[in-house]
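See structure below.
Every read-out reported here was derived from the displayed coordinates using simple, explicitly stated rules and does not represent laboratory data. For clarity, every value in this text was computed on a predicted model and none was experimentally measured. Cβ coordinates were reconstructed from backbone atoms using ideal geometry, including for glycine residues, and neighbour counts include every protein chain displayed.
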Amino acid sequence: MTLMDGRAVANAVKEEAALRAKALIERGVTPHLAVVLVGEDPASQVYVRNKETGCRKTGIRSTVVRLAQDCTQQDVEETVARLNADASVHGILVQLPLPRHLDEARVLRLIDPDKDVDGFHAMNAGRLMIGQPGFVPCTPLGVMKLLEAYEIDLTGKHAVVIGRSNIVGKPMAMLLLAANATVTVCHSRTQGLAEIARQADILVAAVGRPRFVTADMVKPGATVIDVGINRVDGRLVGDVDFDAVSQAAGCITPVPGGVGQMTIAMLLCNTIDAAARHGR
Ligand code: NAD
């Protein structure tokens, strides 16, 4: 069994990103990510801090625009409009979830698609769907990078994605399809899920349920990618029952230390791509 080391691959990606950032800065373009953070959600605060640290270490300028928990829809929309118009900002990210009184979809729609480094805008989802260049959501993009780093052959292989969210499951399926896998997407209404999962050469779990994927759902030798991040008794666990599944899998990502590490690395890459396009 091969343990897929997300930390090592992410570090390599970040090193390459730092070199690209340096080259851009030498050309007079300082890559700049603006993060909009609304309210005091503790998990969001941590995520944003990690993004700031990632930017700093890579040579990317970051600005965090903090808005109060009780701010209005207009406040958020005006902030996004201002960042869209600011030529020094290459990437814009609105940290989700927004407080419940705000219309998240409306806010995401307002982000300039060419600054949408999270890849959540419908324009970028559409570009991914029809194979045009655009921004791809960081987590599934990170999974593809991991598969590439471990030279996992995808052509003609059966990839099963469990989960159909707009930020993980659906873009994941599109990326695997573009890489010539035969893709099945399972979700909460899927019948016979275990049987389908057992046919997978590559099994991606993006469910949000601790240890959902059990050993009997995995074909011996399969590659198992665990996207899940769940907190159980103060510990982080994935969507895969790691101890049991690692006995059957050929390759597997741990949680923590797997896919989660890749997400920020890919955000840094997307921001540099945005700056590179701008500086052309
Ligand atoms: P989500 O809640 O938006 O989607 C979960 C998906 O799982 C849904 O499409 C649903 O149909 C499916 N599902 C739920 N119960 C199911 C069941 N019993 N059987 C089959 N399918 C079922 O979640 P998400 O945003 O896609 O995130 C999924 C997981 O990935 C979460 O644990 C989240 O924390 C994690 N995540 C990790 C990263 C990272 O950086 N590693 C990034 C984003 C999300």
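As a proxy for reagent exposure, ranking Phe135, Phe212 by other Cβ atoms within 10 Å from fewest up yields Phe212, Phe135.
In this calculation the C-beta distance from Asp216 to Tyr150 is compared with R0 = 22 Å, giving a FRET efficiency of 0.35. Within region 155-173, what residues put their amide N at less than 17 Å from the label point 7 Å along the Cα-to-Cβ vector of Arg189? Only 162-166, 170 pass the distance filter.
Using a cut-off of 15 Å between beta-carbons, work out the net charge of the residues near Leu154 (Lys and Arg +1, Asp and Glu -1, Leu154 not included).
Spelling it out: positives minus negatives among the neighbours equals -2.
Couplings 3J(HN,Hα) for region 97-107, derived from phi with the Karplus relation 6.51 cos²θ - 1.76 cosθ + 1.60 (θ = phi - 60°), are x, 7, x, 4, 7, 9, 8, 4, 4, 5, 5 Hz, where x marks Gly and Pro.
What's the long-distance tail for region 178-280, i.e. % of Cα pairs beyond 20 Å? Provide the component values of the computation, followed by the final result.
On the way: 2412 of 5253 pairs.
Tail of P(r) above 20 Å: 46 percent of Cα pairs.
Between Asp103 and Glu78, residue separation times 0.36 nm minus the direct Cα-Cα distance comes to 7.6 nm.
Using a Förster distance of 25 Å, how high is the FRET efficiency between Lys22 and Arg277, based on the Cβ-Cβ distance and rounded to 0.05? With a Förster radius of 25 Å, E is 0.90. The H on the amide N of Ala181, modeled in the peptide plane, is under 5 Å from the matching H of Gly156, each at least 5 residues off or on a different chain.
For region 127-134, 3J(HN,Hα) computed residue by residue from phi via the Karplus equation (6.51, -1.76, 1.60; θ = phi - 60°) reads 4, 5, 4, 9, x, 9, x, x Hz, glycine and proline entered as x.
Ordered by the count of other Cβ atoms within 10 Å of each Cβ, fewest first, His278, His32, His187, His90 give His187, His278, His32, His90. Could you pull out which residues in region 259-280 have an amide N less than 19 Å from a spot 7 Å beyond the Cα of Ala87, following the Cα-Cβ vector? Hits in region 259-280 for Ala87 at 19 Å: 274-280. Cβ crowding within 10 Å ranks Leu83, Leu96 as Leu96, Leu83, fewest other Cβ atoms first. Calculate the tail of P(r) for the chain: the fraction of all Cα-Cα distances greater than 23 Å, expressed in %. Cα-Cα pairs in the chain separated by more than 23 Å: 54 percent. In this label model, Met129 and Ala178 are separated by 1.4 nm, measuring between points 7 Å along each Cα→Cβ vector.
Here the gap between Ala43 and Asn11, fully extended at 0.36 nm per residue and compared with their Cα-Cα distance, gives a gain of 9.2 nm.
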